1. Yes or no: the range A:91-109 includes at least one residue that is more than 22 Å from the chain's Cα centre (by Cα), surrounded by fewer than 11 Cβ atoms within 10 Å (Cβ to Cβ) and either in a helix (DSSP H, G or I) or at pLDDT below 80 (or both).
2. Which of (1) closer than 25 Å to residue B:79 by Cα; (2) surrounded by fewer than 21 Cβ atoms within 10 Å (Cβ to Cβ) is the odd one out, the single condition residue B:139 does not satisfy?
3. Look through B:224, B:229 and report the one residue that is more than 10 Å from chain A (Cβ to nearest Cβ), crowded, with 22+ Cβ neighbours inside 10 Å and at positive phi.
4. For residues in the range B:343-381 being among the aromatic types (Phe, Trp, Tyr) and in a helix (DSSP H, G or I), which is nearest to the other protein chains (Cβ to nearest Cβ)?
5. Just to verify a result, which residue in the range B:178-198, among those that are within 8 Å of chain A (Cβ to nearest Cβ) and over 21 Å from the mean Cα position of the chain (by Cα), is surrounded by the fewest Cβ atoms within 10 Å (Cβ to Cβ)?
6. Output yes when any residue across the range A:38-46 is surrounded by fewer than 10 Cβ atoms within 10 Å (Cβ to Cβ) and closer than 20 Å to residue A:7 by Cβ, and no when none is.
7. Scan the range B:271-326 residue by residue and report those that are surrounded by 20 or more Cβ atoms within 10 Å (Cβ to Cβ) and part of a loop (DSSP other than H, G, I, E, B).
8. Looking at this structure, is residue A:156 of a type in the set (Ser, Thr, Tyr) and at pLDDT 80 or above?
Amino acid sequence: MSKPLSVQDVIRQSATDVGLDELSRRGCRKVKVLDKQTVFRLIDEAVNRVVEERLAAATAQEREQIRAEARSEFQRLVKERQEQLEERVQREVSAATEEARAHADQQVQEYQERLAQLESQVGQEVEEGRVPGASAIDPELLGSMIREAVAQAAPTSTGPSADLAALQQSIEALSRKVSAGGPGGSSSSSSIEPPSEEALQAFFSRSSSSEQVESNISNVEVKNAKANGVNKNLAKLRSLKQGSE
Amino acid sequence: MNASNDDLDNGFVPGEGAVADGSVNVNENVNENGSVETDCGAQSATATGVATKTELGRGLDVGTANLVSSAQDAEGNVHIKIQRNAFLDIDADDYTKNMLTRLNVQYVVINGRMVVVGDPAFELANIFNRETRRPMRDGMISPDESDALPIEKMLLETLLGPPTKEGEVCYYSVPAEPIDADLNVIYHQGVFGGLLKSLGYNGKPLVEGHAVVFSELAEDDFTGIGISGGGGMFNICVSYKSIPALSFSTTRGGDWIDRNVANVLGISASRATAIKEKGVDITRPKNREEEAVEIYYRNLISYTLTNIKSRFESSSSMPNFPDPISIVCAGGTSLIGGFIEVFQDEFKKINFPIPVKEIRHAEDPLYSVSKGCLVASLSEV
């Protein structure tokens, strides 16, 4: 089938630009204007009329031929669009993958550098005896654990994000092992325990002392009210307690 | 009874020390119905700088919607402090900061953002048709709010102040295990215990429904059913001579009503809360908005009663009550007009397994849990 006809292009190509002065010289005082929509509508009507007349006059064989041509053209167009779409998606996916891989590689490198730095820092502090309970930590053991963690996080075939997650998990595992005093510590426990009272107290104490919070709360009064007394309840509760003792 | 903001005025500061200059104490009396009457013209000793001493022991209601502290003075008066458990972040500049301080609005700057806390947050949210941020959800510390812990700490500091003596006992309310949600109260309980300890208190948890029993059922020898209808939950405790026989909670409360009313009316949940709190009587709804509130209240009450009944029937630890018992309803969600009537109405529809002599409102519904915690604290001194 031939290339689809662009009516707009045909009109543009067939038309001639004539200036208003030129028209005036030619003695044209009024110009009849036909807008684009009207042109399209007239063309549609003309085409429809011709097609209807042709179809009415066509034989069954001719109709079947037209149907077959239309189907074939439709399938060609669908295939063409699909191929274009697939190409575009593939291009975008490969670009995104490349970008993610580069980012992940960079992060893996940063983590490795950080680990190396930590290893050296901890070793130094242990040597200088600045770490509380340092005698319980063997620098060599710590070093081997760090190397093990990095090895566990080596790039795999499952993709950059998996590598990164593996590295993070290894670092967390390492952190747990260090706090437990070695590989045989409590790191095997997977259940999530509620925070201890001491931990929570430490958290709140730290947040109040180290952070300078800007606030006017101490200058603003809180809503107050008085309520019925509780002495009767208290006396009753105490007498119940004494009775039960 | 409705406790409006006007009922809860400024002035009294539990604990030793003088009230900040310029504050005016409100002379309040509690009438027979438990409502607070105020006399704004009266200047009290606290306003003139005379210290008011409180007895050792504090009560703290850790509610999804409100935080309420209570303390008792030497004369036996119970002093309440209340903060709405909500906050809202707004654009910060010096003009706004000065203006907020002048308007007595609490703010705090967290991570470079200005956060308005307490009741003003709720009022501002309504003005700007925004939702307040809530440190707690479904009766527990919210996992979705990264700023929940620092905000809660600040709110508690304003409510409790420093302890009169290091290690002063402060009972705080915790929800009972919910029966309709997979929620764990251990973390929530631990967080508030740690928070109180960091403020110098010896925090002890008390199940919310049990606190209602302590504050409202003394004349029944602490025997009966205490119900606390809060923002995030309904807490129920069946007690026999002060010993809890059955405690549980359901995760539907005032917030559930607000969310549903907001959904059907196409408004914000904060706006729905404001409609609910403006003085609706659910036995006589006057318009479409109030009808929506009534429908969801009735459903919530029915849901709660059905759950109580089924738990009673399935529990093997239920005591045999020799006499009919009382049911007492407390909590902010019970403050709406007609709550007890609708509760009684829905109660008649189910065949309750225990003889009940009365269903009544708490004397101070909004303060009941805090007062119960206070009773528990004072009883240890």
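The values are calculated or read from the model by the stated rules, or taken from the named source; none is laboratory data. Note that this is a predicted model, so its numbers are computed, not measured. Every residue, glycine as well, gets a Cβ built from its backbone with ideal geometry; the counts of neighbours run over all protein chains shown.
1. Keep residues of the range A:91-109 that are more than 22 Å from the chain's Cα centre (by Cα), which gives A:109.
Okay, now just the ones that are also surrounded by fewer than 11 Cβ atoms within 10 Å (Cβ to Cβ), so A:109.
Narrowing the set further to residues that are either in a helix (DSSP H, G or I) or at pLDDT below 80 (or both) leaves A:109.
Yes, the range A:91-109 contains a residue that is more than 22 Å from the chain's Cα centre (by Cα), surrounded by fewer than 11 Cβ atoms within 10 Å (Cβ to Cβ) and either in a helix (DSSP H, G or I) or at pLDDT below 80 (or both).
2. (2)
3. Numbers: B:229 fails: at positive phi.
Testing whether each residue is more than 10 Å from chain A (Cβ to nearest Cβ), crowded, with 22+ Cβ neighbours inside 10 Å and at positive phi leaves just B:224.
4. The initial filter retains those residues of the range B:343-381 that are among the aromatic types (Phe, Trp, Tyr), namely B:343, B:347, B:352, B:367.
Now drop any that are not in a helix (DSSP H, G or I), which leaves B:343, B:347.
On the way: B:343: 22, B:347: 26 Å.
My answer is B:343.
5. Among those residues, the one meeting the criterion is B:197.
6. The answer is no, given that none of the residues of the range A:38-46 is surrounded by fewer than 10 Cβ atoms within 10 Å (Cβ to Cβ) and closer than 20 Å to residue A:7 by Cβ.
7. Within the range B:271-326, B:280, B:282 meet the criteria.
8. Details: of a type in the set (Ser, Thr, Tyr): yes; at pLDDT 80 or above: no.
When the stated conditions are applied, residue A:156 does not pass them.
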